[in-house]
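Okay, so here's the structure we're looking at.
The values are calculated or read from the model by the stated rules, or taken from the named source; none is laboratory data. Quick caveat, the model's predicted, so the values are computed rather than measured. Don't worry about glycine lacking a Cβ; one is built from the backbone with ideal geometry, like all the others, and counts go over all protein chains shown. Please note that ligands, DNA and RNA were not included when accessible areas were found on the heavy atoms of the full protein model with its side chains. Shrake-Rupley method; radii C 1.70, N 1.55, O 1.52, S 1.80 Å.
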Amino acid sequence: MLRQWAEERGHSWRRVRDAEGCVIDGRMGQQDWRIEWGAPQRDYISGMELRLMAELDLPKELIAMVLNRQLMEAMEKAVYERYVDDVQTRIETDTPAEMRWLVMFPKTVAADLGRLKDRYGAVSSIEPWMQQWLQSPLNDALVATLDMVDPADAVVLTIGRSRLTLRTSLPQPDAKRLAQWFSVFEHALREAKRLGTEWRDVAGAGLTTQPSAWAQSELPTTRLPDIRL
């Protein structure tokens, strides 16, 4: 059970009020993170949804998304049907952010996806960031999940507005499956923090190869607010 998994590792666990699900809060060093298991917040998740989240000190301009290829293709088809066949001129704000990002930002090339290229796609507002993120140990962590996840299962890893989020389906409170996704999340979190520090140092040194947003980012790492699923 998820409660046992959390308590064995010293994390706090609590049941969701008036609904099925739970919330787990923990820390990696000085970095707070949260896990939620409950009703889905995205219509592309079937059954119960697993969400892993952390607020990071990254520029709000940074958008990065890695998702399973079947979901990416389904979203692209939906965008085409909604905004091309219907001759709409702009994407409405009620469209899920993940769908908007597929239209707004360039796709990551297969060479940068490496062993993930057949199962995952990616887009980012800053391509060099995505290249370095996916060439880090995060790539190995995602590869380790390929045998346990059906290609049709939704998996979405995002950075947006300085928040790292991993979403996937978890129909039952399966601690083994949670541990596998938590490993992916830990690697994504650790590498995002490392890259954020390295890029900020480069920007602070006056070099111009990285986005100026890094030098301007002074966002504190804050604790995630209480969320009722």
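Structure data summary
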read-out	value
Residue check for ARG17: farther than 17 Å from LEU71 by Cα, open to solvent by 60 Å² or more (accessible area, probe 1.4 Å) and in a strand (DSSP E or B)	no
Members of the stretch 191-200 that are over 13 Å from the mean Cα position of the chain (by Cα) and open to solvent by 10 Å² or more (accessible area, probe 1.4 Å)	LYS193, ARG194, THR197, GLU198, ARG200
Residues that are within 13 Å of the chain's Cα centre (by Cα) and either on the phi > 0 side of the Ramachandran plot or open to solvent by 20 Å² or more (accessible area, probe 1.4 Å) (or both), drawn from the stretch 128-176	ARG161, SER162, ARG163, ARG167
Residues (surrounded by 14 or more Cβ atoms within 10 Å (Cβ to Cβ) and not polar (S, T, N, Q)) located in the stretch 24-41	ILE24, ASP25, GLY26, ASP32, TRP33, ARG34, ILE35, GLU36, TRP37, GLY38, ALA39, PRO40
Given (1) open to solvent by 30 Å² or more (accessible area, probe 1.4 Å); (2) more than 15 Å from the chain's Cα centre (by Cα), index of the condition THR108 fails	(1)
The stretch 51-74, subset open to solvent by 10 Å² or more (accessible area, probe 1.4 Å) and assigned to a helix (DSSP H, G or I), residue farthest from GLY38 (Cα to Cα)	GLU73
Subset of the stretch 111-122 [more than 13 Å from ASN68 (Cα to Cα) and open to solvent by less than 80 Å² (accessible area, probe 1.4 Å)]	ASP112, GLY114
